[in-house]
Amino acid sequence: MKLNERSLAFYATCDSPADNSGFLYKRGERHTAYHRRWFVLKGNMLFYFEERDSREPVGVIVLEGCNVELCDSAEAFAFAIRFGGTKSRTYVLAAESQAAMESWVKSLSRASFDYMRLVVRELEKQLQEMRWGLAGGCGGSREPPGPWKPKPSGMEQSRERLPAPPAILPKENGCAVWNNALGAARPPDTSGCGGHDEEESPRPPPLPPRRRVSNGEAASTGAVAESPSTFCRLHEQYSREVARLRQDWQQRQRGPRP
C-alpha cells in the first residue's frame, strides 16, 4: 500500500476530532523494549508520535484485516494488533491502567471499515424488522418487507381508486351522463341515495326519471317558437293596461274637481 507522507502528516495533526488518544507503551520490532509513545486514532488509522507535541508522526498503523486481542507480556495491561498472513507484523502495546486498556481495545476493534459494514447491515435488518412489525400491527400487508418506497399522496391514492372513465360517454337528452361501466353488471341501487361500494369508492347518485313531453306542450312550444314577436305584443298590451289603471287610481286619490 502506497501512502502520501505529507497527507498523512497533515491528517494526523489537523484539528479533526480523534476517536481516541493517549499514551501507550509500544514494543519494538527488533528489540523487546517498550517505548512510551503518544497515540492518536482517527478513523481506521492509528498514528503514534514520540511526544504529545510532536509535529509529525513516527509511524501509522492501518487497522484493516486485523484482530485486536489481549496477550501475555512482561508489561501489565498489554494487548496486540495481529494481521493475517505469515509475514505480517504483530504490534504489541500496553496501557497504563485497566480502564485505558479496555477503552483502547474497544475503539481499535471498531475502527475498521469491515466492522462498520457489519454495523450498517445489522441496522438495516433491524429497520426492516421494525417496519414489518408496524405493518403487521396496523393490519397492513403480510408480505415480507422489501426496499423502501415512498407512500403515495392523497391525490395519487384517489386517482388509483377511481374507476377509469369509458372511452365514449353515453348521452341522454343530448347531454353526456356518467355511466359507471365497471358497475354496469351490478344491480342498481334502490336506496335512493348515492353511497359507496364494497371497495369504498364513491358512486354517482341515481339519475332522475326522464320527463316526457305531451303533444299539447310540444305544439304550444312550437307555436311560441314560431312567433318571436308574441312577447313584444303582450308587453305593450299589459303596459297600456297598467298605465290606464294607474291613471284611474291617481284620479280617485285627488277626488272630484269643484
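The values are calculated or read from the model by the stated rules, or taken from the named source; none is laboratory data. The model shown is predicted, which means the values in this text are computed figures rather than measured ones. Using ideal geometry, Cβ is built from the backbone for each residue, glycine included, and neighbour counts are taken over all protein chains shown. Each accessible area value is taken on the protein alone, full model and side chains, heavy atoms only, with ligands, DNA and RNA left out. Shrake-Rupley method; radii C 1.70, N 1.55, O 1.52, S 1.80 Å.
A few remarks follow.
- Ranked packing of 36-43, 110-117, most packed first, by mean Cβ within 10 Å: 36-43, 110-117
- Rounded Å value of the spacing that divides the Cα centres of the range 77-132 and the range 21-67: 17 Å
- Anisotropy class of the range 1-125 from Cα gyration tensor, a/c 1.5 cut: rounded
- Solvent-accessible surface of the range 5-114, taken per residue with a 1.4 Å probe and all protein chains present: 62 Å².
- For the range 84-99, 3J(HN,Hα) per residue [Karplus equation, 6.51 cos²θ - 1.76 cosθ + 1.60, θ = phi - 60°, Hz, x = Gly/Pro]: x, x, 6, 9, 7, 8, 10, 9, 10, 10, 9, 9, 8, 8, 5, 5
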